[in-house]
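Everything below concerns the one structure shown next.
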There are 2 protein chains.
Amino acid sequence: MTRVTIQQVAAAAGVSPSTVSNLLNGRTNRMVPATKERIERAIAELGYRPNRAARQLRTGRTQTVGLIVPSVGNPFWGAFARELEVAALAVGCNVLLCNSERDPDRERRYVEELWEDGVRGIVLCSSLPTLDHLADIVRRGLRLVTFDRPAQAGDPEEVVSVSINNHVGGFLATSHLTELGHERLTFVSGSLAAVNRTGRFRGFCTALEGADLDPAAMPTWTAGGGAPFGDVEAAQVGRQAAHDLFSGTVEPPTGIVAINDMTALGFCRGLRDQGLHVGKDVSVVGFDDIILAELYDPPLTSVRQPISRMASLSLEEALKEDDREPGRSVLLRPELVVRDSTASPTGATAPVVTDEDGVLQ
Amino acid sequence: MTRVTIQQVAAAAGVSPSTVSNLLNGRTNRMVPATKERIERAIAELGYRPNRAARQLRTGRTQTVGLIVPSVGNPFWGAFARELEVAALAVGCNVLLCNSERDPDRERRYVEELWEDGVRGIVLCSSLPTLDHLADIVRRGLRLVTFDRPAQAGDPEEVVSVSINNHVGGFLATSHLTELGHERLTFVSGSLAAVNRTGRFRGFCTALEGADLDPAAMPTWTAGGGAPFGDVEAAQVGRQAAHDLFSGTVEPPTGIVAINDMTALGFCRGLRDQGLHVGKDVSVVGFDDIILAELYDPPLTSVRQPISRMASLSLEEALKEDDREPGRSVLLRPELVVRDSTASPTGATAPVVTDEDGVLQ
DNA sequence: CGATGCCGGTGTAACGATGCACTAAACTAG
DNA sequence: CTAGTTTAGTGCATCGTTACACCGGCATCG
């Protein structure tokens, strides 16, 4: 019931608390092996566990990293959070999870709070175009890693970013469709001025141009500026898009590139609302390759993010103490996973199916 | 950069640190309004924020609750985590999230760690049949709330539980199918000896009996005892089940009740693998009503858990200080959401069948 | 041989907030 | 007017750990 303190251990081992502390902090070179062993035995026998609060009070440090995601209700972020925790556990860290709901105020509040709580670093999944609202905290020494948001021109240079190459991702998704013969494509995303969105859209345009198609001639769609859709509501965006694009007078597209899988799935749902069939009437490519992409009917073609690798990298950067390499930006290459939601616009050809396990542990 | 301390505030307000502390802890009756105001102004001007570590070291308490879920990679748990955070935020609490991956060791380690870190309470999402591995910690004063796991006979009496009435849920799902005219039903779940599973299965049986059907005569399926499927792999379970049930020599069921939506979706995927159509050839009912149930094609009929309400309740119980009402068990009523994955068994006759005799119960 | 350096380890003052025990002043009652 | 009580606020020890400064003893060296 009463917690064991370092003094009790010291007493039991016949040394001073300082020596126990030295052992605990890896300064074993300052003691003879026999002493080390005595202390270790005492620790084991008494079941001693250092008191974190005391430790933190003294050092100002924690073994915790903060993770701020738009919403763990979104399977992509849930999966990422899980991977980050796995990585953290492996190096004895804790993850403190926060949902920003893409609210800049909330995001800032969380960053401040985490910083005040002395986290070692923060992995921030934000797509805000600027980090101005965090600049001062970063300057004061916060170790910040942005995920899924490549470094931008105006960012504080101390910030490190980890993300996929969105341009390539958008390109892969789009050229897959053009290669299948599609000539009328639409890029579907929420109205959020998200950074990853512009990259993906640029890739979309590049691929179109490569296929001698004019991006400007494509039917376009963006969420109405009004409601700033959250991450869980991403599906709503897609559904709305399908309704708008296929119920108007304008000739609808035959292929869709969605900003993420939730939006893509929502879009598929919207098509169904109107009796249209994904992979036959319309081809849809998603982004992220969440676990549900493969389960969907039809299984969704998607651009996969190497989530596990990205989680380790993010953690690593968030924990780095000194050898700061400011402005470092890690861009990983995404991979297109072709499934059944895409086909030639004739609807006749059956595409290749790549079935891979998406999960690890 | 240097953090503001309570002393600096005290100096600025011309009082002693004790008085500031008194204000901070709501003991405002011990000071004259003018003083209170002066202190408040000083706090605002200096931007003072109490140091949590120091506070915790002194008091032994936190404003944190622990949440242990099988895996936030699973959308159901992701959604729940999000709701709990919303509830916590409203009362100024933090949530420390941990993924147990349904590993009892990991679960125990997390509980211990959280307890040592002084969390105010823990919301544990475990379906383990016994809580013996946590009994001693609970006796030592841990405020433990189990979610999605109704109280069991051998549980420590201090434990409070919040969950839906699984028996009712299983009953609703199943009687929906029998009312549609289905007479051959199978209950699909992983092999985990999860508590919610038995409740749901009992509801399944009750409903069958109510429709004059014999549970024992139903084609059964349970995951092979070997691999203990995790939560993210729940979909695999369903897919496997579909393969087994519809590729053998035994006459397959026309209706399925799955232990949760992920399994249900996996099952649908498995049906598709064999060219069968959900809602036509086979009816499928899921459990949880995750956001993707509605997006699926066809939209999935599912038993909805009132997740938001359950989150507030869980938090409330986890934070309660004194007025313990031991062994309290809150059972909420689930609700059936009928969508397109269920219909009358008019469909064509099913293929031939094999037998994978897993045993239910 | 005295000085120097190193090894193995200890003493102690914090880190920042809390809350009990205490008190000076003001007020109340008899 | 004195004793008792309330009001408004203070002093100080303390939570458990850390890290810097220090120290005695022994080996080495010029």
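The values are calculated or read from the model by the stated rules, or taken from the named source; none is laboratory data. Just so you know, these numbers come straight off a predicted model, no measurement behind them. Backbone-built Cβ (ideal geometry, glycine too); neighbour counts: all protein chains shown. Note: accessible area is taken over every heavy atom of the protein model, side chains too, but ligands, DNA and RNA are not part of it. Shrake-Rupley method; radii C 1.70, N 1.55, O 1.52, S 1.80 Å.
Calculated translational diffusion coefficient of segment B:242-328 (37 °C, 0.692 mPa s; Stokes-Einstein with Kirkwood radius over alpha-carbon pairs) equals 218 µm²/s.
Sorted shortest first, the separations between the A:A54 label point and its copies elsewhere in the assembly read 1.8 nm; each point sits 7 Å from Cα along the Cα-to-Cβ line. One compactness figure for chain A is 1.21, namely its Cα radius of gyration divided by 2.2 N^0.38 Å. Its Cα gyration tensor gives segment B:203-285 an equivalent ellipsoid. The semi-axes, each the square root of 5 times an eigenvalue, are 20, 16, 13 Å from largest down.
Using θ = phi - 60° in the Karplus curve 6.51 cos²θ - 1.76 cosθ + 1.60, the 3J(HN,Hα) couplings for segment B:18-32 round to 4, 5, 4, 4, 4, 4, 4, 9, x, 8, 6, 5, 8, 8, 7 Hz; x is entered for Gly and Pro. Label point of B:R184 (7 Å along Cα→beta-carbon): distances to the other copies' equivalent points are 4.5 nm, sorted ascending. Over segment B:1-128, the alpha carbon radius of gyration divided by the compact-protein estimate 2.2 N^0.38 Å works out to 1.38. Compared with the dominant principal axis of the Cα atoms in chain B, helix B:104-116 is inclined by about 20°. Distances from A:R140 to itself in the other copies, using label points 7 Å out along the Cα-Cβ axis, amount to 3.6 nm in increasing order. To put it simply, the accessible area of the protein assembly as shown at a 1.4 Å probe is 49 percent carbon and sulfur. Segment A:166-305 has equivalent-ellipsoid semi-axes of 19, 17, 16 Å, by the square roots of 5 times the alpha carbon gyration tensor eigenvalues, sorted largest first.
Size descriptors for segment A:102-164, from the alpha-carbon set: Rg then Dmax equal 10.6, 30 Å. Between A:L172, A:L89, A:L180, the GNM of chain A built on Cα springs shorter than 10 angstrom shows A:L89 fluctuating the most.
Equivalent ellipsoid of segment A:1-59: semi-axes from √(5λ) of the C-alpha gyration tensor, largest first, are 18, 15, 8 Å. Under 5 Å from the amide H of B:D297 lie the amide H atoms of A:D297, each residue being 5 or more positions distant or on a separate chain, with H modelled from the backbone and absent for Pro and chain starts.
The lysines within cross-link reach of A:K320, meaning a Cα-to-Cα straight distance under 21 Å and a gap of 8 or more places when in the same chain, come to none at all.
For a straight C-alpha distance cut-off of 21 angstrom, the lysines reachable from A:K280 (same-chain residues fewer than eight places away being disregarded) are B:K280. Think of chain B as a dipole: +1 on every Lys or Arg Cβ, -1 on every Asp or Glu Cβ, centred on the Cα centre; then among B:P104, B:L177, B:H277, B:P104 lies furthest on the positive end. On a 0 to 90° scale, report how tilted helix B:33-46 is relative to the longest principal axis of chain B, with both axes built from alpha carbons and the result rounded to the nearest 10. Between helix and principal axis, roughly 70 degrees. Where a ≥ b ≥ c are the square roots of the eigenvalues of the C-alpha gyration tensor, would you call the protein assembly as shown rounded, which needs a/c under 1.5, or, failing that, prolate if a/b is larger than b/c, or oblate? Cα axes put the protein assembly as shown in the oblate bin. Shape analysis of segment A:145-218 yields a ratio of the Cα radius of gyration to the Kirkwood radius, Rg/Rh, of 1.06. Legend: mean number of C-beta atoms from other chains within 10 angstrom of residue C-beta atoms, peptide A:89-99, equals 4. Taking trypsin sites (Lys or Arg not before Pro) as exposed when their DSSP state is a loop state and no more than 13 other Cβ atoms lie within 10 Å, the longest site-free interval of chain A runs over A:141-323. Mind pulling the angle between the C-alpha long axis of helix B:166-179 and the longest principal axis of chain B? Nearest 10 degrees, somewhere in 0 to 90. That helix lies at roughly 30 degrees to the long axis.
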